[in-house]
Structure formats: C-alpha cells, structure tokens
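Written out below as structure tokens is the structure these notes cover.
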Amino acid sequence: MEPFRAATPNHFSLPRRISRLGELVYNIWWTWNPDAMRLFSRIDPELWEKCGHNPVVFLRQVERPKLNAVTNNRYYLEMYDRIFKAFDEYTGAGTTWFSQTHPDLRNRLVAYLSMEFGLHEAIPLYAGGLGILSGDHTKEASDLGLPFVAVGFFYAEGYFIQHITEDGWQEARYNPNKMEDLPVIPVLNEEGKPVTICVEIAGREVQVRIWEIHVGRVPLYLLDSNVESNSPSDRALTARLYSSDLDLRISQEILLGVGGVRALRVLGYNPSVWHMNEGHSAFLSLERIKELMQADHTFDQAVEIVRASNVFTTHTPVPAGNDEFALWLVDKYCATWWEQLDLTREQFIDLARHTISWGDTFSMPVLALRMSHGRNAVSELHGKVTRQMWGFLWPDRHPETVPITHVTNGVHTGTWLARRLRHLFDRYLGLDWMEHVDDLSVMERVIDIPDDQLWAVRRHLKRKLVAYIRERARQEWMYGGAHPSQVVASGVMLDPYALTIGFARRFAPYKRASLIMSDLNRLLKILNKPGMPVQIIFAGKSHPDHEQGKLLIQELYRVIKRADTGGRLVFLDDYDMNLARYLVQGVDVWINTPRRPNEASGTSGEKAALNGVLNFSVLDGWWREGFNDKNGWAIGKDIEYTDLDLQDKEDAASLYETLENDIVPLYYRLRTSDGLPGEWIARMKESIRTLAPQFSTRRMVKEYIERLYMTGMRLPESTKKTAG
Ligand SMILES: *Cc1c(COP(=O)(O)O)cnc(C)c1O
C-alpha cells in the first residue's frame, strides 16, 4: 500500500498570474521562508497584520483591486517567480542531504509523535518550548530530506490567550480554531469521505478524524476527536492542550499513543523508527506490541522488536513535571489491555511502575524508557541529571553508565533568523550557507561582514521591535479599555536606542523571573543611569491552573508599573511565536535565570544568538555548552548548590555586577574611528559564529539520525512487519 498524500485544495479566486499563491498557503514552507511571507504581506500589509499572518484568512479577505495591482507590479512578479522557483526546487528535489548520505535507507521512515507542534503563530497548536522543538525538528527533517512523518493533535481551542489585568493578574481566554481558517487539509478516502480511526477509551469507542499539514516535504497528521458521532465529552477530548484533569489527560495520551499508531497504519505507513517526544505518546509501544502479538509473536518477542525501533526523548529534569497516573486511573482506562498482552495486572503496572512518596504510580517516562533502545536528554547537564533521576531502572549500573545519552536541542535557522540578516548572510557567507549552517568553516565567514552593515541591521531590528510594541500599546489604549499605567507597562516609553534586554519564558518558579528584581534599588540605578539607559522587556505565560506562576507574574507586574522605573520595564501580554520572533531578533541581550540544573536545555537563547543577540544566562542547559567567555556572559558559577537561598543570592550578585561593570559600559563604548560599539560587534560576531552551527536543528537532527535513529533504520525489513 502506497502511503497516502492528501491533495492540496486551491479554492481561492485569484488572478491567473498569481494563482499559485493559493497553493503556497497549503505547504507551510512559507513559515521558514520570510520572502515567501512577503508575497502575501506586500499585497496588503495592514490586512496581513490584522489577520495574524494567516495566509488562508488573508487570501479570503483581500480585496480584488489589491490583487490586481500586484499583477501589474514588475518587482512583485519577479519576486513571485523567484520564490516559486525555489519552492518547486525544494518540494521536487531528487537529491537531499539524506538521499546522498544514506542512499541505502531511502525506503525507511521515522515516525515522530508529540503532544504539540509549534509551527507558526497562525497555527496555534502549541503551548511552549516542547512544541517549538517539535515544529523545528519537523521542518529540519524536511530540509534534510529525511523520510519522516509526524503525528500530533488538532486542538479545537489550542492554548489560551493571555491577558493581564491592571493588578497584574493573568486571565485566560480561549479562541476556537476554525478548521477552514487554517492551512490544514482533510484526509479523505477514495470515496471522498473523511478517513477515521477508532480508539477505545474506558469502554467507549471514540472516533478520530485525521487532518494533514504539509510541512515542506514532510506530512504532519493531526488527530481530532471532534466528530459528530462522538458524545459531547469525547468530542472535547482534543479541545485543549495540557488540561489538569487527569481523566482527560490519560484519555488524550491513549489517543496519541494508540491512535497515532492506528492513524499511520490506516494511511499505509510502516515506520522503521518510532520517536516519542516526551512520554505523552508512550502508549504507542503497547499498541505495537499488541499488533505483533496478533501476528503470532510472544509478548517478550514483541517487546524486543518494539524496543529496537523506539527512541525516547525526555525533557523534564523536575520529577513533578513528569507525567504519571494513579493506579486507579490505570484500572479505569487500561483494564482490558493486560489480558490482550498476556499479562497480569501487576505485570502490566510493572512496565511503568514508579514508587514515589505517596505510593506507586504508572509513569509514562518509565514506560518509554523501558520500551526504547534509544534514550536521550536534551543537554549534557540534563543528561547527567536524567541518569541520576531514572538510575533506579538500572539498579546494577553506576549512575554514569545508565544508558541515557543526550542530544542538545537546537533551533531551525530559517524559522528564527531575521529576514534582513538572512540577506546579509547570503551576501557574505555564500548563497547556500543555510544548507551548511552546522559547518563551522562556513559560519566562520561571519567575520567578513562589515561592522557597519551588521550594526545597521541590528539597529533596524530593534527599531522594528519598538515600533511594534508601541503600536500594540496604542491599540490597547484605543480599544482595550486599559488603564494608563498598563499602557506604560506595555511599552509606550521604550527608547529605540537604549540597551534593551529581553526576558521571555514560561512563569515557573525555577525560572526565577524575579531574580533580577531582588535588589530593586540597584536595578533602578542601572535602568536610569544618565547617558546609559537600560530597558527590560518581559513576556511569558503561566499555566492557567498554576496559582504560583500567576502570582509570580503579578509580583513582577507590580514592580513594572512603578513610576520610578521610568517606563523602562515592560510586560508584553500573550507570548507566542510572533512575539518571540520580534524579541529574539530585536533586543540586544537575552537573559535567562533558571535555578541550575533545572533548565533541560532552553532554546529561546539559541534563537537570540543566531540573530547576533548576546546571551547573559545561568550556566545551565544549552548555555553551559555554548558559552566560551567571548560570545556572551555567564550568571553565577558552574557548580551545584545544596543551599538554594545561597544560590539565589550569589546568582543575583553576579547578575548585577556583570550588568553594571561589563555589559552596560561595553554597549555604550564607541570606537572613535567610526562611532560604532566595536567590541560589542566583535562579541556579536563571535556569538553567531560559534553558536549558530552548534545549536541549529541541522546539527541536532543529524545527531538524532546518526546516533539514535540508525539502529531502527538498519533493522532488516522482516522484523518490522506486523499484522497490518
Ligand atoms: C522558543 C520558545 C519557547 C521556548 O523557549 P525557552 O528558552 O525554552 O523558554 C517558548 N515559547 C515560545 C513562544 C518560543 O518561541
């Protein structure tokens, strides 16, 4: 059976000369090709902003005269032809990195399952870092030509929209995702009927529809339980991300793991590698074992086969952050499974047993670790923490030899690099530099970029950020019913020429957002120093059910609103990929203050580094590997603390000292010959040169292929065959 490809709809009424725009929309290649996005925005920039950079909505709403106008614009048409040439070359490419490097493995396939995919702000199927990583991984798999298929959810409401009240309290609103507004394609069978699968959840047969997003050369399939024949509560199973309701959560994870396997089977896929991005999809192993047992393997044989082709990535160094279920939930949802697997209840629970303070649980990471041969954490230090955390599963081994490796996270260059910088790099690094972004000798050429040109682009990006923030504040003032102090807090007083620091992430206590506020008087002096102003832009959400996170935002917001900050502290509502792009491209310094070693990797700083923004962070996660003394700054020391108060105190002291004595003076120190901050620019180049290659998904996905996927990809074809 040939794997399925959903047909691309083209139902827009467009002038003939530019009719392929309707096709471009449905392959989200445009999300990592900013020139392709310009094909939409050039037609009507205001409408493009108004519809949240969503090309489906844009093409439906744009007025005919505006479309006609560009068909008479030579500049536009040249751009159009150039971009479609690139698009056709990309989608039709016969040779890719993968086909050249591993010609013998062309027919193998990697399946990648994740709870969330962050692809673009107009496709709100993500909450944060995990989703962005899945999205970047999928895009890179496409770029490399890796045979790859991804599976996730279509969330009817996605993650919440954040609004901050005058008193700094986070409110959550949900916007329904309208299917017809998204670049999502229905998967239909030969008769034109929706393809569905069925998953049993606590005795109910839940129908699941399948949708597809074309991600370059790679299909992403989205499972959706919002089907008319399901009961209202089953229809809502895939409504939202990360509910705190445990019944809902286990149901979603059954849908992802079991449904994910069934969806790929019904579409004709037979993957050689199954990659579980986090433990949420770990039930897939049980479904695959069942398949193999139906094809006359014993349980033990089936486990062998499944394990040899499974890869598991863990992202959570904090035990409380791991997904585990009370045993009564397992009884309620999985009671029919142990019999099907020829196991007793105890044997079944042993597959995932985790003994914690209040008793035994069924732990999804334990299940995934036991059922995979490839296991990895997402940075070197996180690897060490992870081996300690799960060492009990290998009681005979010393913690250092626990078989969990690490592959440090990276970011997708095309998605995160500013368009103007991309053009600058095209000029000085060679037109195909992005194909070789993981090659140090190619990125070395950043040194050849003239200082004034690099600085001009950086200044442009900061002005663009400030203009964007002020416009948002203006809209809020005009239409949002905001209090004047909120308008100040949302950035109207920002100075496009002041040293600008960005801090944006999830508000979890270990991220220590308030560290920088710990000595307020000292901070105020730094902000308001005559001739050397500093401004800090904050953004980030707390989980809507997490009071502690919301209190952290409130504490921060109350400081931000104070008049003596001079409007130089700012909080931006509703951190998403759009805001993230503006920030990581537009600020001068990116700051991250997690309590070491709790940051598994972090990726926002990698996005910043790629854009010449200097990192100023705790030596945790990726930064501990990236920092070399010349490409940014460290906060605190690379050591373990047992006294957390002492750790906070020393890290805060280090933060203030480096900021006052090194960072601020360096930014404002201008060379006499050309009036540019020469030493700062040298650091920027050092940052791009050393960090962009190492912390790219290009390096990361190649590492997954060579170190984790290869075992499964090299298995003889016969061992993969199943009953299906
Ligand atoms: C990159 C990104 C993240 C993850 O960044 P961290 O450094 O892991 O905090 C979260 N949210 C958005 C919108 C992002 O773009």
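Structure notes:
- On full extension, the segment bounded by Asp296 and Leu440 gains 46.8 nm, given 0.36 nm per residue less the C-alpha separation.
- Dividing the C-alpha radius of gyration of the range 368-421 by 2.2 N^0.38 Å, with N its residue count, gives 1.57.
- Treating r as the C-beta distance of Ile447 and Thr344 and R0 as 51 Å, the FRET efficiency rounds to 0.20.
- Peptides 116-123, 191-198, 148-155 ordered by packing proxy, namely the average of other Cβ atoms within 10 Å per residue, highest first: 148-155, 116-123, 191-198.
- FRET efficiency for Asn72 and His423, using Cβ-Cβ distance with R0 set to 30 Å, rounded to 0.05: 0.70
- Ranked Glu23, Glu400, criterion: other C-beta atoms within 10 Å, fewest first: Glu400, Glu23
- Computed from Cα atoms alone, the Kirkwood hydrodynamic radius reported for the range 413-695 is 19.3 Å.
- Debye equation applied to the C-alpha atoms of the range 94-253, log10 I(q)/I(0) at 0.14, 0.19 Å⁻¹: -0.79, -1.24
- Counted over all Cα-Cα pairs of the range 615-724, pairs farther apart than 18 Å make up 67 percent.
- Extents of the range 480-630, taken as max minus min of Cα coordinates on every principal axis and listed largest first, are 43, 42, 31 Å.
- Projected area averaged over orientations for the range 253-303, convex hull of C-alpha atoms, nm²: 3.6
- From least to most packed, judged by other beta carbons within 10 angstrom and beginning with the fewest, Met364, Met478, Met37 follow the order Met478, Met37, Met364.
- As a ratio to 2.2 N^0.38 Å, the alpha-carbon radius of gyration for the chain is 0.95.
- From its DSSP helices (H runs of at least four residues, each -39,500 (n - 2.57)), the chain gives a residue-normalised ellipticity at 222 nm of -11500 deg cm²/dmol.
- Extension gain for the segment Ser244 to Gln548, taken as residue separation times 0.36 nm less the Cα-Cα distance, is 108.0 nm to one decimal.
- Ordering of 658-668, 303-313, 202-212 by packing [mean C-beta count within 10 Å, highest first]: 303-313, 202-212, 658-668
- Debye log10 I(q)/I(0) at q = 0.25, 0.29 Å⁻¹ for the range 486-547, Cα point scatterers: -1.21, -1.30
- Taking other residues whose beta carbon is less than 14 angstrom from the beta carbon of His354, and scoring Lys, Arg as +1 and Asp, Glu as -1, yields -2.
- Entries in Lys178/Lys561; Lys607/Lys637; Lys50/Lys511 that, when Cα-Cα distance is taken, lie over 30 Å: Lys178/Lys561; Lys50/Lys511
- Take every DSSP beta bridge whose two residues both sit in the chain; close to 40 percent of them are antiparallel.
- Along each principal axis, taking the top coordinate minus the bottom one, the Cα set of the range 16-91 gives 30, 26, 18 Å in descending order.
None of the figures in this text is laboratory data; all of them are computed from the coordinates on show. The shown structure was predicted, so the numbers you read here are calculated from the model rather than taken from an experiment. Neighbour counts are summed over all protein chains in view; Cβ atoms, including those assigned to glycine, are modelled from backbone coordinates with ideal geometry.
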